[in-house]
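Below you'll find the structure, written out as structure tokens, and then a few comments.
The values are calculated or read from the model by the stated rules, or taken from the named source; none is laboratory data. As the structure is a computational prediction, the values presented were derived from the model and not from experiment. Because the Cβ atoms are built from the backbone with ideal geometry, glycine has one as well, and the counts that use them run over all protein chains shown.
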Amino acid sequence: MKLVFATNNLNKLREVQALVPPQIELVSLTDIGCTEDIPETSATIEGNAKQKTQYIKEHYGLDCFADDTGLEVNALNGAPGVYSARYAGDDKNADANMHKLLEGLKGTENRKAQFKTVISLELNGKQELFTGICEGTITHEKRGEGGFGYDPIFLPKGYSETFAELPLLEKNKIGHRGKAVQQLIQFLNR
Ligand code: IMP
């Protein structure tokens, strides 16, 4: 069976393909000829994930899944949350986003935060949601060269290294996206 993963990130695609049952062949947005920007206008992470899968179902008539991720910071009332990618502007610049976040937390002792990934699945006329959360704290400065996005300033709970300092395997094991993907896989394997 072919299942669309509504992404053009080939790393994500390969990573998840290795985990799903072998009878499921994942195909990307490029594979189905979807080159337009899928609207992500919801006020919630769940809403954006759903919006992406509903779009593919409506426009291409295909079963699919999509993920959406945000970083929720307690002292900022959950910001940047659903706006994580564009926190400092439409160019989605990771350094600018981290700089804005660190400035916003200057002098703040409560550094608690969590990453949240929601995966929406459209399969056989039904919609399912899977959520993965990784709790941690925001550092006072950037540390590490690995990962992407906010990884250099996120210290997962129980670790003294940021996500950008941890090996990818470790990040995937304890991380938000890995946890959501595991639930998706369990569901597909049922
Ligand atoms: P997306 O939903 O995967 O596009 O993620 C939204 C934004 O959240 C991205 O632009 C990144 O800035 C950030 N982000 C998503 N996943 C991660 C992660 O695993 N580590 C750090 N930042 C992330």
Quick one: how many residues across the range 103-126 are farther than 22 Å from Ala85 by Cβ, loosely packed, with under 14 Cβ neighbours inside 10 Å and of a type outside the set (Lys, Arg)? 6
Just to be sure, is Ile45 of a type in the set (Val, Ile, Thr) and touching a Lys or Arg at 6+ places or on another chain (Cβ under 9 Å)? yes
Take the residues of the range 146-158 that are at pLDDT 95 or above and exposed (fewer than 15 other Cβ atoms within 10 Å of the Cβ): which is nearest to the ligand (Cβ to nearest atom)? Lys157
Helices (runs of 4 or more DSSP H) contained entirely in the range 1-108, each with at least 3 residues that are touching a residue at least 24 places away in the same chain (Cβ under 8 Å) and more than 13 Å from the ligand (Cβ to nearest atom): 45-60
